[in-house]
Every structure is written in structure tokens, then in C-alpha cells.
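What follows is a set of notes on a single structure, which appears directly below.
The values are calculated or read from the model by the stated rules, or taken from the named source; none is laboratory data. Small disclaimer: the values here were computed from a predicted structure and weren't measured. For neighbour counting, all protein chains shown are included, and Cβ atoms are generated from backbone atoms with ideal geometry for every residue, glycine included. Protein only, heavy atoms only, side chains kept; ligands, DNA and RNA dropped before computing areas. Shrake-Rupley method; radii C 1.70, N 1.55, O 1.52, S 1.80 Å.
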Amino acid sequence: MDELNAYHEAGHAVMACLLGARVESMTIDPDWDDGPERYGDVTICWPDGPLTKSGVEHRVKVALAGPVAEMIYRQEPFHPAVVPEWAMDWRDAWRWAGKLFKEDRPRMQYIEQTALELYRFFDSDSGWAATAALVDHLVAHETLEAEEIMDIMADWL
């Protein structure tokens, strides 16, 4: 279970790093006393400044990246909206995409297209290698801080 959760959290973190955010920390051993029950957590800090269209698109990608990495690890191509454990990720992606598309149909099409793009990225040799490197460290240590994450990701940035 730890490895599955690690792939999920690493998906979020890899995509955030690649899109210019700072991953402050990530864990597969989160405290359950400060929010909903969960099996992993990633703290992401986005660059300051006004939120642009690309900033919104980046947040949608990061929200979906965890479920997509987990899909590939499981070798089961689920729709991100139908897995209960991914409900928070789906809500985040839906909410952010709402800033780009007010109507449900184009918003859904955008999110599904984004998930497909992410699937292609994580299914590539370099995308999966970056994710697996982060997973190896996360499984070994359960929690990683910003400097460790940046050191691990340095080869792929």
C-alpha cells in the first residue's frame, strides 16, 4: 500500500516540479488530525503573482497527476472521477478547470484531454524514471522535504 500511495504522491510532486512549483514536502505517513483521512500528502507552493491561464492549467495537471501515476502503476486505466480515493484530486481539477470552462461538457473534455496528456508523459521512459526515483526515496523515508525532493528531481528538471 505504501508503494501505491508513493506513486500517487510522486505523480503530484513530479508534475509540480516540472511546471515550476516548489514542493515543500511530501509524505506517505500524514497526520490524520488536521483534515480528512488520507494516505499521503504533498505541500506545493506556486510562484507568486497573478494567476494566469497557464497557472490554472498547471494546477489542473498537478491535481490529475497523482491519479494518473497511480493508474499506470496499477496498470488499470480508470477515469479519475470514478475512484473514491481520488475524489479530492478530481474536485480540485474540476474547480480549477472551472476557471477556464464554465459549462460542464467542455470542462469535462478539457480534464479528460489533460489526463490523456499526463498518461502519455508518465508512461514515457523519462516521466516514469523521474517518478520512480522519487518513489524509491519516499518509500524508504516516508517523508521528504523540499531540498531532498529538488536533489532527487535535479536530473529531470
Could you work out how much longer the chain between TYR110 and SER124 gets when fully extended? Use 0.36 nm per residue separation minus the Cα distance between them, nm to one decimal. 2.9 nm
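Report the charge-dipole magnitude of the chain in Debye, nearest 20, computed about the Cα centre from +1 at each Lys and Arg Cβ and -1 at each Asp and Glu Cβ. Present the calculation step by step, with values, prior to reporting the outcome.
Values: 13 positive and 30 negative charges, 242 e Å.
Dipole about the Cα centre, nearest 20: 1160 debye.
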Whose amide H sits under 5 Å from the amide H of GLU24, counting only residues 5 or more places off or on another chain, with H placed in the peptide plane? THR43, ILE44, CYS45
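Assign one of three labels to segment 111-153, namely rounded, prolate or oblate, based on the Cα gyration tensor with a ≥ b ≥ c the square roots of its eigenvalues; rounded applies when a/c is under 1.5, prolate when it is not and a/b is larger than b/c, and oblate otherwise. Don't jump to the answer; show the numbers that get you there.
Details: a/c = 2.60, a/b = 2.18, b/c = 1.19.
Note, shape of segment 111-153 comes out prolate.
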Give me the distance in nm between label points sitting 7 Å out from Cα along the Cα-to-Cβ direction at SER54 and PHE101, one decimal. 2.2 nm
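Can you send over the carbon and sulfur percentage of the accessible area for segment 11-157, probe radius 1.4 Å, protein chains only?
On the way: 3990 of 8020 Å².
Summing carbon and sulfur atoms, their accessible area is 50 percent of the total for segment 11-157.
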Which Cα, out of GLY127, TRP96, VAL23, lies furthest along the positive dipole direction of the chain (beta carbon charges, K/R +1, D/E -1)? TRP96
Cα gyration tensor shape of the chain, rounded if a/c is under 1.5, else prolate or oblate by comparing a/b with b/c: rounded
By a straight-distance test (C-alpha under 15 Å), which aspartates and glutamates pair with LYS99 as possible cross-link partners, with residues fewer than eight away in the same chain excluded? GLU57
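What's the longest uninterrupted piece of the chain once you rule out the GluC sites (Glu not before Pro) that are loop residues per DSSP with at most 13 other Cβ within 10 Å?
Between the exposed loop sites, the longest stretch runs 38-102.
Under the definition of Cα pairs under 8 Å and six or more residues apart, what whole-number percent is the relative contact order of the chain?
Working: 215 pairs, mean separation 49.9, N = 157.
Value for the chain: 32 percent.
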Calculate the dipole size of segment 110-157 relative to its Cα centre from +1 charges on Lys and Arg beta carbons and -1 charges on Asp and Glu beta carbons; express the result in debye to the nearest 20. 200 debye
Segment GLU142-LEU157, length gained on full extension (0.36 nm per residue, minus Cα span): 3.1 nm
What does the accessible area per residue of the chain come to in Å², with a 1.4 Å probe and no ligands, DNA or RNA counted? 54 Å²
